[in-house]
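All remarks here apply to the structure that follows.
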Number of protein chains: 2
Amino acid sequence: MRIGFLQLRPKFGAVKQNVRKAVSLLSRVSDAVIVLPELFNTGYLFRNADELASLAEKVPGGYTTSEMKKVAKCNNLHIIFGIAQKAKKKYFNSAAYVSPKGKVSVYQKVHLFDREKLFFTRGKSLKIISIGEAKFGIFICFDWSFPEVARVLMLQGAQVLCHPSNLILPYGQDAMKMRCIENGVFAITANRIGTERRGTMSLTFTGGSQIVDPRGEVLVSAGDRSESLKVVEIDIERANDKNITSNNNIVEDRVPVLYSCIARKKIR
Amino acid sequence: MRIGFLQLRPKFGAVKQNVRKAVSLLSRVSDAVIVLPELFNTGYLFRNADELASLAEKVPGGYTTSEMKKVAKCNNLHIIFGIAQKAKKKYFNSAAYVSPKGKVSVYQKVHLFDREKLFFTRGKSLKIISIGEAKFGIFICFDWSFPEVARVLMLQGAQVLCHPSNLILPYGQDAMKMRCIENGVFAITANRIGTERRGTMSLTFTGGSQIVDPRGEVLVSAGDRSESLKVVEIDIERANDKNITSNNNIVEDRVPVLYSCIARKKIR
């Protein structure tokens, strides 16, 4: 199975330009699962809710998803991309999935970061998509910070974590190596690069997109300076082997009866 | 509050020699919480159950715990140390805690590593000890690999993770930085050094004992070549601040209703 990431430098608000650039780069690859950054088509730093409303799109039905479906079909790609989603009167920081056959599904970010809470509605469920026999768990950027997310996805069968990101803190990439080790899965982090200046706000994104294997080894990565499309061949069966010594298994060694407070609304 | 670790190079089976060495080093420090490695008094590589039975001790009551109580009292130390514990006809890979006033309590390792499963009984509960107003969560070595352990201890109030270890894999130290970041707590990893050769078996331990702060910064660490006692002053209040942006809180942002399968015995 071929999996990859497309690291991009979106221009805020220039949706058509951002999508055209992504489609142009995606046209160079075929027969693969490719992850794009969070909010790749709009940029990240919305100044207010009106600005978000003017840029958000329906999924499916909107311009970005339609263009992604076209290139997915032409090049036999499975594409997972970050998008500001309009759904009725709500707005979600979402990751959409499009298949070569035109199937579309959506994950709505559960753990919103900082100012995202001002404009976006929190998602209400985690998401696994099936591609053939393989299962891909999707989460977005700051979701990495909650070990429960990757754990739940793995326990529900995910073999690869897809992680569209706009990382600005220095922790995310290392954290994903740990998520792979502790869960015995692959992970694709697609981060963006560049600095966004919007009024008095400014953010610089850390790039460093990467694909990590179930032992925490980085199979391929990008720097923080250029847009970059990278694809690797993986043996997805490696994510099914949860044995880490002849006596230890990542899943079977768990003692769920001791973990109950993790799932409890009131801890104490 | 002063917290520290004592990194040691135990000699297999030489309990009195190992304990005397530890006491001698501990005598140089006072008014602190100090963590020692896993199984610091016996060494690690038991060849069989009989060998373990001949070296395991009662807690309290055994030689090692009695000696630790003496130095704890003399130097106003709170000491957490790894020990092979005999309890009725069972044997546990335990971490004992002794206070300056002679209080003793015990954590029995829950997630046993590799050949430990051949001789040791698995513990049945996690453990938090109170030192004044501060709360210390205890786990041993390979317990790091289960993100649930640190998470549960934090949710139950632990501000510092005490981590007696015999680490041989290269992941543990980096993992503990992540456990600190994702839980907003301090961690003390006390690892051992040296190579143990027992019959055809051989293991080399990685040292690198460290104290990490709630942002994942290493406050102090040891190499892998020498025995080492290090103590730092911490502001334990830092572990109570779970805000990581003006809009994000490590505890309040959790969505337990989505994490239920972590606590379920049967996942699917």
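The values are calculated or read from the model by the stated rules, or taken from the named source; none is laboratory data. The structure displayed is predicted, hence computed values, not measured ones. No Cβ is skipped: glycine too gets one built from the backbone with ideal geometry, and neighbour counts run over all protein chains shown. Note: accessible area is taken over every heavy atom of the protein model, side chains too, but ligands, DNA and RNA are not part of it. Shrake-Rupley method; radii C 1.70, N 1.55, O 1.52, S 1.80 Å.
At-a-glance table
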{"quantity": "From the options A:Gly216, A:Gly223, A:Gly208, residue that is in contact with a helix residue (DSSP H, G or I) (Cβ under 6 Å, 6 or more places away or on another chain), away from chain B (no Cβ under 14 Å) and under 30 Å from B:Pro170 (Cα atoms)", "calculated": "A:Gly208"}
{"quantity": "Any hit, the stretch B:117-133, residues being touching a residue at least 60 places away in the same chain (Cβ under 8 Å), facing chain A (nearest Cβ under 8 Å) and of a type in the set (D, E, K, R)", "calculated": "no"}
{"quantity": "Members of the stretch A:202-233 that are over 18 Å from the mean Cα position of the chain (by Cα), modelled with pLDDT of 95 or more and not small (Gly, Ala, Ser)", "calculated": "A:Leu203, A:Thr204, A:Arg215, A:Glu217, A:Glu233"}
{"quantity": "Output for the stretch B:134-154, where each listed residue is touching a Lys or Arg at 6+ places or on another chain (Cβ under 6 Å) and more than 11 Å from every other protein chain (Cβ to nearest Cβ)", "calculated": "B:Ile138, B:Ile140"}
{"quantity": "For A:Lys90: the one exception among (1) among the charged types (D, E, K, R); (2) more than 8 Å from every other protein chain (Cβ to nearest Cβ); (3) crowded, with 24+ Cβ neighbours inside 10 Å", "calculated": "(3)"}
{"quantity": "Number of positions in the stretch B:197-209 that are open to solvent by 10 Å² or more (accessible area, probe 1.4 Å) and in a strand (DSSP E or B)", "calculated": "7"}
{"quantity": "Enumeration of residues in the stretch B:103-125 that are over 27 Å from A:Val152 (Cα atoms), over 13 Å from the mean Cα position of the chain (by Cα) and open to solvent by 30 Å² or more (accessible area, probe 1.4 Å)", "calculated": "B:Lys103, B:Val104, B:Arg115, B:Leu118, B:Phe119, B:Thr121"}
{"quantity": "Pair list, Cβ under 9 Å, 6 or more apart: the stretch B:155-180 residue within 14 Å of another protein chain (Cβ to nearest Cβ) and free of Cβ contacts under 8 Å to residues at least 24 places away in the same chain, other residue of a type in the set (Asp, Glu) and open to solvent by 10 Å² or more (accessible area, probe 1.4 Å)", "calculated": "B:Asp174/A:Asp174"}
{"quantity": "Residue within the stretch B:237-244 that is closer than 19 Å to A:Ile262 by Cα, of a type in the set (S, T, N, Q) and at the interface with another protein chain (Cβ under 9 Å from one of its Cβ atoms) present", "calculated": "no"}
{"quantity": "Of all residues making up the stretch A:160-185, the number that are farther than 19 Å from A:Phe205 by Cα and open to solvent by less than 20 Å² (accessible area, probe 1.4 Å)", "calculated": "9"}
{"quantity": "Failed criterion for B:Leu258 (all others in (1) in a loop (DSSP other than H, G, I, E, B); (2) modelled with pLDDT of 95 or more hold)", "calculated": "(1)"}
{"quantity": "Qualifying residues in the stretch A:246-257 (those that are surrounded by 14 or more Cβ atoms within 10 Å (Cβ to Cβ) and among the β-branched types (Val, Ile, Thr)) - the one farthest from A:Lys11 (Cα to Cα)", "calculated": "A:Val255"}
{"quantity": "Residue that is surrounded by the fewest Cβ atoms within 10 Å (Cβ to Cβ) [pool: residues in the stretch A:211-245 that are touching a residue at least 12 places away in the same chain (Cβ under 8 Å) and part of a helix (DSSP H, G or I)]", "calculated": "A:Asn240"}
{"quantity": "Strands (runs of 3 or more DSSP E) fully within the stretch A:126-192 counting 3 or more residues that are over 24 Å from B:Leu155 (Cβ atoms) and among the aliphatic types (A, V, I, L, M)", "calculated": "A:127-131, A:186-190"}
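For (1) of a type in the set (D, E, K, R); (2) closer than 29 Å to B:Leu118 by Cα; (3) buried (at least 18 other Cβ atoms within 10 Å of the Cβ), each residue gets a yes or a no:
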{"residue": "B:Ile3", "(1), (2), (3)": "no, no, yes"}
{"residue": "B:Val19", "(1), (2), (3)": "no, yes, yes"}
{"residue": "B:Ala32", "(1), (2), (3)": "no, no, yes"}
{"residue": "B:Val35", "(1), (2), (3)": "no, yes, yes"}
{"residue": "B:Gly43", "(1), (2), (3)": "no, yes, yes"}
{"residue": "B:Asn76", "(1), (2), (3)": "no, no, no"}
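Table: residues versus (1) under 29 Å from A:Leu153 (Cα atoms); (2) of a type in the set (A, V, I, L, M, F, W, C); (3) in contact with a Cys (Cβ under 9 Å, 6 or more places away or on another chain).
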| site | (1), (2), (3) |
| --- | --- |
| B:Val231 | no, yes, no |
| B:Asp241 | yes, no, no |
| B:Ile244 | yes, yes, no |
| B:Asn247 | yes, no, no |
| B:Arg254 | yes, no, no |
| B:Ala263 | yes, yes, yes |
